[in-house]
Amino acid sequence: MKPETPRPVHLKDYRPPGYLIDKVDLDVCLDATRTRVRSRLAVRPNPDASGRRQALRLDGEHLELDEIKLDRKPLSKKDYNLTDTSLTLAKTPAAPFTLEIVTFVNPEANKALQGLYRTNDVYCTQCEAEGFRRITYFLDRPDALATYTVRIEADPREAPVLLSNGNLLERGTLAGGKRHYAVWRDPFPKPCYLFALVGGDLSPIASTFRTMSGRTVDLAIYVEHGKEERAAWAMDSLKRAMRWDEVRFGREYDLDVFNIVAVSDFNMGAMENKGLNVFNDRLILASPETATDTIFEAIESVVAHEYFHNWTGNRITCRDWFQLCLKEGLTVFRDQEFSGDERSATVQRILDVRRLKTHQFAEDAGPLAHPVRPETYIEINNFYTPTVYEKGAEVVRMLQTLLGRELFRSGMDLYFDRHDGEAATVEEFVRCFEDASGTDLTQFRLWYAQAGTPELVCALRYDKAKKRAELDVEQVLPATPGQAHKKPMHIPLKLGLLGANGHDVSLKLDSGEEPADGTLSVTKRKQTFRFVDVPSRPVPSLLRDFSAPVNVTIDLSDRDVELLMANDSDLFNRWQAANSFAMRTLVEIVGLLAKGKSASRGARYAKALGAAVLSDELEPAYRAELLKLPTQADIARVIGKNVDPALIHRAHKRLSGLIGRTLGAQLADLYAAMAEDGPFSPDATSAGRRALRNAALTLLTARASGPDLARLSKHYFKASNMTDRAQALFLLAAHGGKAGEQALADFHDRWKGDHVVIDAWFAAQAQSPLAGTLKRVEALTHHPLFALTAPNKVRALIGTFAAANPVQFNRPDGAGYAFIANHVLELDRLNPQIAARMLGAFRSWRALETGRRGQARKALQRVARAKNLSSDVQEIVSKMLEA
Ligand code: PHE
Ligand code: ZN
């Protein structure tokens with residue numbers, strides 16, 4: 001299938017385009033199998049491109065070329081060179097000229113979901129990163145900015161709604177009503193990856209927003225007929241996001257309309273196309289009965305994320321794809337700040353750090369590790385990673401921590417001022433902060449270039465006579481693929497020292513300086529910070545608010561940890577102390593189980609946890625986070641080598657059971673106290689109560705007694721909202737037996753008609769740690785509601801099994817690996833992007849114990865040997881197997 005062997009692209013080879021395209025006129029005649037695209041381009045040689053005039057090479061894939069005209073004159077075959085991926089004109093005029101190209105594409109046959117495709121009879125496009133080349137021949141690169149006018153024509157019965165970027169200019173009917181058309185114009189120059197077009201039979205919910213300067217913007221969210229009410233939360237989120245960006249960053253929306261379309265088949269979560277965001281419908285549709293609080297939260301944050309891209313991504317875009325974090329890391333940072341302001345900042349930070357550690361730290365520790373700004377890639381689609389997104393956001397957050405909020409805002413203002421309308425680089429972004437603050441960020445830039453999670457090895461000494469505390473900090477920078485040796489980085493280390501009473505001691509360095517906001521700058525490989533006037537031996541609270549994406553090690557006694565858990569003024573670190581205590585307990589249990597010893601550990605941790613959770617002045621959402629143990633994947637990452645997922649699973653189960661038994665009465669009280677019988681509200685406070693109640697339920701259930709199981713079944717059948725119902729469904733499916741089957745059958749019957757909600761039914765079965773799970777998952781791939789062409793189904797069933805079921809995916813016989821390998825190969829023929837993502841489930845395979853490692857290698861080698869692999873899968877599998 002793939003035309004040529006994929007070649008790597010390197011950052012150092014960047015050259016500006018030889019030509020500029022100032023204006024694009026598209027005329028698209030929608031047809032399910034033969035859509036005609038007429039493109040008229042205003043082209044001129046780029047005065048900034050160095051050297052002699054180059055040939056004009058346009059990208060294009062899976063296109064049927066019908067005709068080309070240059071300044072209205074038809075070109076013949078000898079005037080251009082056509083390959084599977086390009087159209088090249090050797091000779092072009094020196095003056096500006098017009099190029100007109102007509103191509104045909106087949107949306108129905110497009111299962112890769114890049115370019116123009118059909119989902120549920122709706123025509124829609126996805127162009128990031130390189131999908132526009134599947135619509136027409138073009139300079140498909142983010143630094144080629146043009147204004148677009150788009151005419152769409154279609155059968156009005158099939159596609160009454162016709163949308164594109166920008167503002168609507170005109171619409172009308174043709175052929176006595178048999179056809180109709182709409183013309184859209186986007187006045188803002190944009191790269192083609194932000195182009196979008198939608199045609200279909202959809203229903204809008206509409207609203208308006210008054211901007212800070214008093215303009216009225218028409219808002220609409222288009223969904224399937226009958227689902228309009230389920231878009232209300234997304235609309236509410238959008239308006240709050242628009243307001244927040246005005247208040248926090250001074251950014252106002254710029255067009256007269258903002259449209260969102262929800263589609264059921266989409267490779268990612270959503271896409272920030274200018275004025276026309278396209279969303280995976282699972283991130284738009286929500287009602288109390290159909291969506292969990294986690295989904296409500298995700299909708300709020302993704303709607304905001306895509307909206308925020310209008311300034312960070314669209315008005316200022318990326319020069320090339322190596323700069324992806326310039327828009328993604330920055331926009332994730334912005335959406336995290338938004339969620340923190342809308343909800344609880346501390347709880348939000350805990351959720352964001354959890355996600356970072358689970359996904360990004362794991363990626364950074366394995367064969368797929370890469371810098372936040374990579375220097376080479378084969379397939380850019382493989383770089384929409386936790387490192388670019390989540391670590392990219394942490395790097396921006398560190399800028400804010402180092403400069404302080406005010407100077408950070410000045411740097412952002414300067415960035416918007418200086419680069420509006422441009423395709424910028426990370427380098428230019430960082431320079432704005434240097435210029436706005438007068439700070440030298442040379443060493444800080446290493447965060448963009450060096451991969452791997454730094455470790456801060458810390459030790460604290462106390463001299464009672466001198467009343468001095470000395471903190472030794474050593475940076476250990478682990479080797480990552482292609483980067484054996486690293487330079488020391490600039491790491492903001494926010495900390496506190498707790499006295500015996502649990503209160504903060506004021507921080508004074510021996511230089512007389514008091515670190516601003518308690519933040520030290522660690523810049524050397526080894527460094528000692530000396531604090532004076534410390535009245536007694538303090539307990540250090542390190543990396544408060546998670547001030548840098550690093551691992552910290554320090555030797556603390558159980559008593560020290562208990563002091564932090566009970567008193568730390570930094571609530572994030574209070575949670576961190578509890579989480580670390582749980583983690584070290586779990587690692588100890590795993591060690592004991594490995595030696596065949598009975599593992600009666602954890603009583604002390606359980607008691608400390610009980611005390612911390614009891615505290616009523618802490619908000620329920622926070623207490624719920626305290627009650628959640630580290631995941632099995634997190635334990636595996638911390639153990640780091642010779643990992644035995646079965647032992648980890650046993651240890652996790654033991655500690656959960658122990659906590660359930662130790663805190664039983666208290667948890668039962670919480671379960672009762674957090675019950676609510678009023679109407680459902682998705683707000684953070686109500687969601688927090690449900691989260692705490694469900695966390696208590698989970699631990700109570702871990703005792704596995706008869707009454708516990710009865711409570712769980714009741715929780716499922718009496719649930720008045722999806723948060724409670726889904727939590728119980730997952731627990732019951734994990735338990736199996738009659739109770740499990742009953743709940744699964746009930747859920748299926750209730751939701752078989754809803755393609756969004758039914759995904760929880762697939763996922764609950766895929767996540768069950770029971771021995772029969774693989775067989776069941778295999779059978780479910782033949783279920784009538786499952787389809788390999790639907791990414792959400794693949795993620796719910798196959799993705800959940802591979803990424804969220806460590807015991808069964810890592811079966812010692814290798815059958816889990818073989819199953820995923822088979823599906824990666826099958827998927828690769830349909831949708832390479834999704835296939836490559838599934839393969840990512842193997843990212844930690846080298847840390848496994850020898851038996852499983854051998855099985856995983858076999859599965860990976862089988863994928864590597866297969867013929868006609870996409871460049872997506874090819875790149876991932878070869879990295880996985882590289883030494
Ligand atoms: N740019 C999208 C985002 O907000 C992600 C995306 C990438 C969507 C590629 C589709 C294709 O984060
Ligand atoms: Zn994004």
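If one takes the longest principal axis of the Cα atoms in the chain, at what angle in degrees, from 0 to 90 and to the nearest 10, does the Cα axis of helix 293-308 lie? The two axes meet at around 50 degrees. Backbone N atoms of the stretch 307-325 closer than 16 Å to the 7 Å Cα→Cβ label point of residue 355 belong to residues 307-309.
Spin-label pair residue 738-residue 439: with each label point 7 Å from Cα along the Cα-Cβ axis, the two points sit 6.4 nm from one another. The stretch 755-769 and the stretch 564-605 have their alpha-carbon centroids 31 Å apart.
Please give every one of the lysines within straight-line cross-link reach of residue 752, meaning a C-alpha to C-alpha distance under 29 Å, and leave out same-chain neighbours fewer than 8 residues apart. Partners found: 111, 227, 714, 718, 738, 775, 793.
Highest average first, the peptides 308-321, 158-171 ordered by how many other beta carbon atoms sit within 10 Å of their residues are 308-321, 158-171. Rg over Rh for the stretch 583-697 works out to 1.04, both radii taken from alpha-carbon positions and Rh defined as the Kirkwood radius.
Comparing 361, 174, 150 along the charge dipole axis of the chain, the residue lying farthest to the positive side is 361, per the Cβ-charge model. Packing, taken as the mean count of other beta carbons within 10 Å per residue, orders the peptides 364-373, 262-271 from highest to lowest as 364-373, 262-271. Note: the stretch 42-121, Cα convex hull, 130 Å³ per residue. Beta bridges per DSSP, both residues in the chain: antiparallel share near 80 percent.
Do the alpha carbons of any pairs in 467/494; 486/524; 357/595; 526/628; 190/357 sit beyond 23 Å of each other, and which pairs? Violating the 23 Å limit, Cα to Cα: 357/595; 526/628; 190/357.
For the chain, the longest principal axis of the Cα atoms and the long axis of helix 426-437 meet at an angle of about 60 degrees. Of the two radii for the chain, the radius of gyration is 0.97 times the Kirkwood radius, both from the alpha carbons; that is the Rg over Rh value. Note on the chain: with neighbouring protein chains present and a 1.4 Å probe, carbon and sulfur make up 51 percent of its accessible heavy-atom surface. Here the stretch 1-80 is assigned +1 on the Cβ of each Lys and Arg and -1 on the Cβ of each Asp and Glu. Its dipole about the Cα centre then comes out at about 360 debye. Once the chain from residue 36 to residue 867 is taken as fully extended at 0.36 nm per residue, the excess over their C-alpha distance is 295.9 nm.
When the Cα gyration tensor is reduced to axis lengths a ≥ b ≥ c, the ratio a/c stays below 1.5 for the stretch 194-353, which is therefore classed as rounded. For the stretch 713-793, what's the relative contact order in percent, using C-alpha pairs closer than 8 Å and at least 6 residues apart? Relative contact order for the stretch 713-793 comes out at 23 percent.
Values of log10 I(q)/I(0) for the stretch 182-233 across q = 0.28 Å⁻¹ run -1.06, by the Debye formula with one identical scatterer at each alpha carbon and no solvent. Judged by the ratio a/c of the largest to the smallest principal axis of the C-alpha gyration tensor, the stretch 258-412 counts as rounded, that ratio being less than 1.5. Between residue 55 and residue 878, the FRET efficiency from the beta-carbon distance, with R0 = 30 Å, is close to 0.40. Per residue, the solvent-accessible area of the chain (1.4 Å probe, heavy atoms of protein chains only, all protein chains present) comes to 39 Å².
For residue 275, what is the net charge nearby, where nearby means another residue's Cβ is under 13 Å from its Cβ and Lys, Arg count +1, Asp, Glu -1? With Lys, Arg at +1 and Asp, Glu at -1, the neighbours total -2.
If a spin label sat at a point 7 angstrom from the Cα of residue 158 along the line to its beta carbon, the backbone N atoms of the stretch 29-51 nearer than 13 Å would be those of 29-36. With the largest listed first and rounded to whole Å, the semi-axes of the equivalent ellipsoid of the stretch 505-582 from the Cα gyration tensor are 21, 16, 12. The Rg/Rh ratio for the stretch 127-204 is 1.02, where Rg is the radius of gyration of the alpha carbons and Rh is the Kirkwood radius.
Normalised by the number of residues in the stretch 763-883, the mean separation of alpha-carbon contacts (under 8 Å, six or more apart) gives a relative contact order of 22 percent.
Dipole magnitude for the stretch 519-632: about 660 debye, using +1 per Lys or Arg Cβ and -1 per Asp or Glu Cβ, origin at the Cα centre.
Between helix 850-865 and the chain, what is the angle of the helix's C-alpha long axis to the longest principal axis, kept within 0 to 90° and rounded to the nearest 10? So the inclination is approximately 0 degrees.
Which log10 I(q)/I(0) values, to two decimals, does the stretch 787-847 give at q = 0.20, 0.23, 0.27 Å⁻¹ under the Debye formula with one point per Cα? Taken in order of the listed q values, log10 I(q)/I(0) reads -0.69, -0.90, -1.19. When we measure straight from the Cα of residue 879, which aspartates and glutamates land under 14 angstrom away, once same-chain ones fewer than 8 places off are left out? Of all the aspartates and glutamates, those that pass the test against residue 879 - Cα under 14 Å, at least 8 places apart if same chain - are 363, 364, 379. Counting Lys and Arg as +1 and Asp and Glu as -1 over every other residue whose Cβ lies under 11 Å from the Cβ of residue 624, the net charge comes to +2. Rounded to 0.05, the FRET efficiency of the residue 479 and residue 754 pair, given R0 = 60 Å and the Cβ-Cβ distance, is 0.80. Using the Cβ-Cβ distance between residue 203 and residue 683 with R0 set to 30 Å, the FRET efficiency from 1/(1 + (r/R0)^6) comes to roughly 0.65.
Taking all Cα pairs closer than 8 Å and separated by 6 or more residues, the relative contact order of the chain comes to 9 percent.
The values are calculated or read from the model by the stated rules, or taken from the named source; none is laboratory data. Everything numeric here is computed off the predicted structure, so don't read it as measured data. Heads up, the Cβs are rebuilt from the backbone with ideal geometry, glycines too, and the neighbour counts pull from every protein chain shown. Side chains included, ligands, DNA and RNA excluded: accessible areas come from the protein's heavy atoms. Shrake-Rupley method; radii C 1.70, N 1.55, O 1.52, S 1.80 Å.
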